[in-house]
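Asks: Quick one: the structure is below, and I'll ask about it shortly.
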Amino acid sequence: MPPADAAQASADGATAVGLSDDVPAEEALARATAHLLSLQHSDGWWKGDLETNVTMDAEDLLLREFLGIRTPEQTLATAAWIRSKQRADGTWATFHGGPPELSTTVEAYVALRLAGDDPQAPHMAAAAHYVREAGGIAATRVFTRIWLALFGWWPWERLPELPPEILFLPRWAPLNIYAFGQWARQTIVPLTVVSAHRPVHPAPFALTELHADPADPYPLRPLAPAASWDGLFQRLDRLMHHYHRYAVRPLRRLALARAGRWIVHRQEADGCWGGIQPPAVYSLIALNLLGYRLDHPVMKAGLTAFDGFTVHTEDGRRWMEACQSPVWDTCLATVALRDAGLPADDPALVRAADWMLGEEITTPGDWSVRRPNLAPGGWAFEFHNDTYPDIDDTAEVVLALRRVAHPEPQRIDAAVDRGVEWNLGMQSREGAWGAFDVDNTSPLPNKLPFCDFGEVIDPPSADVTAHVVEMLAEVGKARDPRTRRGVAWLLAQQEADGSWFGRWGTNYIYGTGSVLPALVAAGVRPGHPAVRRAVRWLESRQNPDGGWGEDMRSYEDPATWAGRGDSTASQTAWALMALLAAGEGPAGEPGGADRTGSEAVERGVRWLTRTQRADGTWDEPQFTGTGFPWDFSINYHLYRLVFPVTALGRYVTGRALGSGGGGR
């Protein structure tokens, strides 16, 4: 649906599920706050479901088929979920309302074949027709073809090669394993083991109906010019295939052994790897190929952890989370509840702080390869992930802890100090921050034919940098030279239209909603030209219904989609948080900015109050979170609640104080 049509549809349907225009913001906030409090676990944490796309579910079945542990119950429940996500044209997308996606459709189709769906059935025939028209299996991504190769549906010789000997490359060498982002690194190491073994589990059926040209089902892709990066790496890949046939066997055995140790060493306390799906499934396959039986403690713990990613619906369906986000959700909920007016010493907030304190990571991880002398002191995204703390979570946890009146303030202060120093130590040479590593910016990993599954490096981003800058301002370091370098980097990254690109949330609304509060907190005046340009951009993107929304397609086509899409609760909240921070107070109130800006805030608040459900939350099937821009989209189910609570809380506070800010 084009942006204009999407906005109009949003306007037409805005009052269908909501309450009414005259619901006071205070009443909507109270309802949302009560609902958010009701979701807290007795241990102190919050966790919303993390929904992605059906490749997670298809690959779960394929993993279980490969290991011989797939059950009829799992298969039926998963197939029901996959069918429920099929589009009317027979395809599958990677986000709600998105276009058809070839690899996702192939994997979903194969999973339904495993479940016994007849390939002649209308829903299967429609999917197969689309696959053939889109280029067939040969046009799918590398990861999809790896899954198919495991069952003989695709030849290993027609896949890019990445040998386990990569682990022997020194850390200064191009394409050493630490040149990849942490999520790619964790995935690539086990895949080098799989690639070296090239296993083939007997296929339970053929997939000839998915080839665009049955006479040439496994075509070689044409070589790019030798002088181009693509051409260079394609030729390097052919050399790697030659090496696979003639590898020095003792060296190969040493490489495989090192890879096995690398994988086992990074298994988390709960049995998972990095708390995310791709390393988990490929590590289980790799270790199995290295001789680990299913009853080995490492394998048992890994499979148990993977089972913990399963979500069962009330109607008997089953789907898989790609990751779990309790630390992120808990710190965001803590900040939201404080903005909503919950006392700093409320027992719910103290429990949350206690849980977050217990999640602090005090041991070195992969990040210490580039910062060997930096003391640990960060937080990860997940329940049990001591190897990969991330800069974004650490910044937000510090912001949350600072707002809780804990009975043992010295514990809070010590953890905050460690988190601040760790984040400062992870600043990149250009003054900004990435998510997991320092200066992880080499362009070479993205050039590998093997790496077509999304971003595989971790360069600094505006949203992460903004959260760190906001945190540093909160702890009194707004004038610190390191903070000023971050501010200067953010100002230099502003787009010509006034927005900022959002790496970990969709997209320009998220980036702008992150950066404006940070700049103002760090001392940039609301009247600064960069702030005014951002305010004008947000005003220009407000939908006719008063809300804001942005479709995932803005990553591929920003000219059409940047800041455009159906209004959503989370994105409306991000825009409001930015406008309030910039001084765009409630219309007509003392301290408010010009009438236009203030009216935008009022209309946005009315959209939130009008579309709120009776239980205090909001409907939001749209995906507003980002794993890899465009390639991997996320629907954080708590976003639809935690960010509106924050925005409404800051609005109500600002109105009560007679000022526009309403921020911290």
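Asks: Quick one: which residue in ASP615, ASP594 is surrounded by fewer than 24 Cβ atoms within 10 Å (Cβ to Cβ) and either at pLDDT below 95 or over 17 Å from GLU27 (Cβ atoms) (or both)?
Replies: ASP594
Asks: Could you please let me know if VAL369 is within 26 Å of the chain's Cα centre (by Cα) and surrounded by 19 or more Cβ atoms within 10 Å (Cβ to Cβ)?
Replies: Against the criterion (within 26 Å of the chain's Cα centre (by Cα) and surrounded by 19 or more Cβ atoms within 10 Å (Cβ to Cβ)), VAL369 does not qualify.
Asks: Out of GLY135, GLY181, GLY152, I need the residue that is surrounded by fewer than 19 Cβ atoms within 10 Å (Cβ to Cβ), touching a residue at least 40 places away in the same chain (Cβ under 8 Å) and more than 19 Å from LEU62 (Cα to Cα). Which one?
Replies: Numbers: GLY181 fails: surrounded by fewer than 19 Cβ atoms within 10 Å (Cβ to Cβ); GLY152 fails: more than 19 Å from LEU62 (Cα to Cα).
It is GLY135.
Asks: Next question, about the same structure. Within the stretch 303-314, track down each residue that is surrounded by 14 or more Cβ atoms within 10 Å (Cβ to Cβ), under 22 Å from the mean Cα position of the chain (by Cα) and part of a helix (DSSP H, G or I).
Replies: Those that are surrounded by 14 or more Cβ atoms within 10 Å (Cβ to Cβ), under 22 Å from the mean Cα position of the chain (by Cα) and part of a helix (DSSP H, G or I): ALA305, PHE306.
Asks: Name the residue that is nearest to ARG650 (Cα to Cα), counting only residues in the stretch 336-348 that are surrounded by fewer than 24 Cβ atoms within 10 Å (Cβ to Cβ) and of a type outside the set (Gly, Ala, Ser).
Replies: The selected residue is ARG338.
Asks: Which members of the stretch 329-369 meet the condition of being without any contact (Cβ under 8 Å) to a residue 60 or more places away in the chain, in contact with a Ser or Thr (Cβ under 9 Å, 6 or more places away or on another chain) and closer than 17 Å to ALA30 by Cα?
Replies: Residue satisfying the conditions is LEU349 alone.
Asks: Follow-up question, since we're still on this one. Which of (1) within 21 Å of the chain's Cα centre (by Cα); (2) over 24 Å from GLY48 (Cα atoms) does ALA333 not meet, given it meets every other one?
Replies: Here ALA333 clears every test but (2).
Asks: Within the group PRO544, PRO529, which residue is at pLDDT 95 or above, in the same structural domain as GLU599 (by TED's automatic domain parsing), surrounded by fewer than 23 Cβ atoms within 10 Å (Cβ to Cβ) and within 26 Å of LEU638 (Cα to Cα)?
Replies: On the way: PRO529 fails: within 26 Å of LEU638 (Cα to Cα).
Checking each option against the conditions leaves just PRO544.
Asks: Name the one entry in GLY136, GLY181 that is in the same structural domain as ALA257 (by TED's automatic domain parsing) and either closer than 20 Å to GLN234 by Cβ or modelled with pLDDT of 95 or more (or both).
Replies: On the way: GLY181 fails: either closer than 20 Å to GLN234 by Cβ or modelled with pLDDT of 95 or more (or both).
GLY136 is the lone residue from the list that is in the same structural domain as ALA257 (by TED's automatic domain parsing) and either closer than 20 Å to GLN234 by Cβ or modelled with pLDDT of 95 or more (or both).
Asks: While we're looking at this one, here's another question. Go over the candidates ARG221, ARG261, ARG245, ARG235 one by one and state the one that is surrounded by fewer than 15 Cβ atoms within 10 Å (Cβ to Cβ) and at pLDDT 95 or above. So that I can check it myself, show each step before the final result.
Replies: On the way: ARG221 fails: at pLDDT 95 or above; ARG245 fails: at pLDDT 95 or above; ARG235 fails: at pLDDT 95 or above.
ARG261 is the lone residue from the list that is surrounded by fewer than 15 Cβ atoms within 10 Å (Cβ to Cβ) and at pLDDT 95 or above.
Asks: Return a yes/no flag: does the stretch 83-98 have any residue that is in contact (Cβ under 8 Å) with a residue 60 or more places away in the chain and surrounded by fewer than 17 Cβ atoms within 10 Å (Cβ to Cβ).
Replies: So far as the stretch 83-98 goes, yes, one or more of its residues are in contact (Cβ under 8 Å) with a residue 60 or more places away in the chain and surrounded by fewer than 17 Cβ atoms within 10 Å (Cβ to Cβ).
Asks: Let me ask you something else. Do any helices (runs of 4 or more DSSP H) entirely within the stretch 1-101 hold 2 or more residues that are at pLDDT below 95, within 25 Å of the chain's Cα centre (by Cα) and in the same structural domain as GLY616 (by TED's automatic domain parsing), and if so, which?
Replies: Correct list: 3-13.
Asks: Which residues, counting only those in the stretch 202-219, are under 13 Å from TRP154 (Cβ atoms) and in a loop (DSSP other than H, G, I, E, B)?
Replies: Residues satisfying the conditions are ALA203, ALA206, LEU207, HIS211, PRO217, TYR218, PRO219.
The values are calculated or read from the model by the stated rules, or taken from the named source; none is laboratory data. Just so it is clear, the model here is predicted, and its values are computed rather than measured. Every residue, glycine as well, gets a Cβ built from its backbone with ideal geometry; the counts of neighbours run over all protein chains shown.
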